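*Asks:* Could you have a look at this structure, given as structure tokens, before my questions?
Throughout, read-outs are computed from the coordinates displayed, never taken from laboratory work. Since the model is a prediction, treat every value here as computed from it, not as a measurement. Neighbour counts run over all protein chains shown; Cβ positions are idealised from the backbone, glycine included.
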Amino acid sequence: MRVYVPLTLPGLAEAHKAGELGPAPLRAYAVTPGLREWYASDDIEELEYAALGRAAAASLRMLAEDDGVPRKRVVVAVDVDDKAAAATPGLDEAALGQVSLTAAVRLSVAAAVHVDADDALDDVTAAAAALGAADGGDEDAQFTVDGAEDHELLWFGVQEIPGLLK
């Protein structure tokens with residue numbers, strides 16, 4: 001099963017130093033039955049893209065919680081055994097696709113790292129600042145948050161992590 005772990009750049013630096021994503025339990029996103037039903041598609045690539053998007057949104061929330069971190073969303077894609085990811089039942093729509101990894105995962109086995117490009121910084125910064133108001137129903141703030149989602153995360157190999165951390 002492919003899972004998507006939301007991080008920030010400092011979180012990626014910690015994982016790189018430790019050589020693993022963890023400790024468990026670790027929040028991640030995957031193609032779950034709830035996500036399949038919500039997204040209404042049988043195309044696995046589309047569903048995985050939706051799970052990646054859910055993880056990117058979770059990364060944005062992490063940015064909103066810490067003003068001191070660089071304003072780039074970070075998601076690490078990892079393939080794990082199906083038994084290593086436990087579905088998180090009873091969640092609202094904001095947490096669709098969320099799973100809990102039951103053990104730390106070696107970073108060396110990650111399939112990819114997805115990070116915002118520099119041209120997304122202004123929109124991601126504005127989205128992180130507007131997230132609270134958007135959660136409260138402010139439509140203008142939601143429009144700002146949606147602006148960050150318009151930016152595709154770039155794909156990087158695990159061997160490229162040191163360059164991302166400079």
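*Asks:* Once the Cβ-Cβ distance between Leu165 and Ala24 is put in as r, and R0 is 22 Å, what FRET efficiency do you end up with, to the nearest 0.05?
*Replies:* With R0 = 22 Å, the Cβ-Cβ based efficiency is 0.40.
*Asks:* On to the next question. How far apart, in nm, are two points set 7 Å out from the Cα along the Cα-to-Cβ line at Glu14 and at Tyr49?
*Replies:* 3.2 nm
*Asks:* Give me His151, His114 sorted ascending by neighbouring Cβ count inside 10 Å, so fewest comes first.
*Replies:* His151, His114
*Asks:* Taking a temperature of 25 °C and a viscosity of 0.890 mPa s, what whole-number D in µm²/s does Stokes-Einstein yield for the chain with Rh from Kirkwood over alpha carbon pairs?
*Replies:* D, rounded to a whole number, is 153 µm²/s.
*Asks:* Let me ask you something else. On a full-extension model of 0.36 nm per residue, what is the gain between Ala87 and Asp122, subtracting their alpha-carbon distance, rounded to one decimal in nm?
*Replies:* 9.2 nm
*Asks:* Relative contact order of the chain: what whole-number percent is it, with Cα pairs under 8 angstrom and at least 6 residues apart?
*Replies:* The value is 28 percent.
*Asks:* Let me ask something else. Pulled fully out, how much extra length does the chain show between Ala40 and Met1, if you take 0.36 nm times their separation in residues and subtract their Cα-Cα distance?
*Replies:* Fully extending the segment from Ala40 to Met1 adds 12.1 nm.
*Asks:* A further question follows. I need Tyr49, Tyr29 ordered by Cβ neighbour count within 10 Å, fewest first.
*Replies:* The order, fewest Cβ neighbours first, is Tyr49, Tyr29.
*Asks:* Students often get this wrong: which residues of the stretch 74-88 have the backbone nitrogen under 11 Å from the point 7 angstrom along Cα-to-C-beta of Ser108?
*Replies:* No residues fall inside that zone.
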